[in-house]
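The values are calculated or read from the model by the stated rules, or taken from the named source; none is laboratory data. Since we're looking at a predicted model, the values are computed, not measured. Here Cβ is always computed from backbone atoms with ideal geometry, including for glycine, and neighbour counts include all displayed protein chains. Calculation scope for accessible area: heavy atoms of the full protein, side chains included, ligands and nucleic acids excluded. Shrake-Rupley method; radii C 1.70, N 1.55, O 1.52, S 1.80 Å.
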Amino acid sequence: MTVTVNGLGELKALAGSDLGSSDWIEVTQERVDTFADATGDHQWIHVDPERAKEGPFGAPIAHGYLTLSLFIPLFTGLLDVQGVTTKVNYGLDKVRFPAPVTVGSRLRLAARLADVTDVPGGVQITVDGTLEIDGGAKPAAVLRSLSRFYA
């Protein structure tokens, strides 16, 4: 369920809150291939399903950075900040990829709004996120994301 806030004051009031879990999203071979085309990373473990069957994971896997990039669409399903003029990705403090994401897997984001701090003209939020694999023993990614919202 999406949490909607209007303005920086309401966003600040959410500091420390658990934002819950997003809907599931499937990682398809088409998505992996499109990412490979966009980045130029055509390693066989990602884009050659037949060869990948014989590889260490028994199937093609998503690029780690593809997995990471899914944070944004999944996060926007958890928090909608209205009443601001600009929203920017400020970076990442930590990222780990504990488990590979095989093609056909479903992912969702569990997130916590760890902190909201003032910056000139707006606020910076710190989000602790875990990209979970449906039925997986370990998450696909664990990260700390920084974003800025300007009034």
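Per residue, the average separation of C-alpha pairs within less than 8 Å and at least 6 apart gives the chain a relative contact order of 31 percent. Under the simplified labelling scheme, the Asn89-Ile72 pair shows an inter-label distance of 0.4 nm, with each label point 7 Å from Cα along Cα→Cβ. The residues of the range 56-115 have, on average, 50 Å² of accessible surface per residue, using a 1.4 Å probe with all protein chains present. Label zone (Arg106, point 7 Å along Cα-to-C-beta; backbone nitrogen cut-off 11 Å) within the range 113-144: 134-135.
With all protein chains present and a 1.4 Å probe, how do Arg112, Arg51, Arg148, Arg96 order by accessible area, largest first? Spell out each step's value before the answer.
Numbers: Arg112 100, Arg51 125, Arg148 45, Arg96 160 Å².
Of Arg112, Arg51, Arg148, Arg96, the descending order of accessible area is Arg96, Arg51, Arg112, Arg148.
In plain terms, the chain from Asp80 to Gln43 could stretch by 9.7 nm, reckoned as 0.36 nm per residue minus the Cα-Cα distance. Here the Karplus relation 6.51 cos²θ - 1.76 cosθ + 1.60, evaluated at θ = phi - 60°, turns the backbone of the range 105-119 into coupling constants of 6, 10, 10, 9, 10, 9, 9, 10, 7, 5, 7, 9, 10, 6, 9 Hz, with x for every Gly and Pro. Inter-label distance, Glu30 to Lys138: 3.1 nm, where each label sits 7 Å from its Cα along the C-beta direction.
Given R0 = 41 Å, the distance between the Cβ atoms of Ala151 and Glu54 translates into a calculated FRET efficiency of 0.15. Selection among Leu8, Val88, Ala110 by position relative to the dipole of the chain gives Leu8 as farthest towards the positive end (Cβ unit charges, Cα centre).
Using θ = phi - 60° in the Karplus curve 6.51 cos²θ - 1.76 cosθ + 1.60, the 3J(HN,Hα) couplings for the range 48-60 round to 10, x, 5, 5, 5, 4, 8, x, x, 10, x, 6, x Hz; x is entered for Gly and Pro.
Each residue of the range 76-86 is assigned a 3J(HN,Hα), and the resulting list reads 5, x, 9, 9, 10, 9, 9, x, 10, 8, 9 Hz, derived from the Karplus form 6.51 cos²θ - 1.76 cosθ + 1.60 (θ = phi - 60°), x at Gly and Pro.
State to the nearest 20 debye the size of the charge dipole of the range 19-151 about its Cα centre, where the only charges are +1 on K and R beta carbons and -1 on D and E beta carbons. Don't skip to the end; give the middle numbers.
Working: 12 positive and 16 negative charges, 72 e Å.
Its charge dipole is roughly 340 debye.
The fraction of accessible area contributed by carbon and sulfur in the chain is 50 percent, rounded to a whole number (1.4 Å probe; ligands and nucleic acids excluded).
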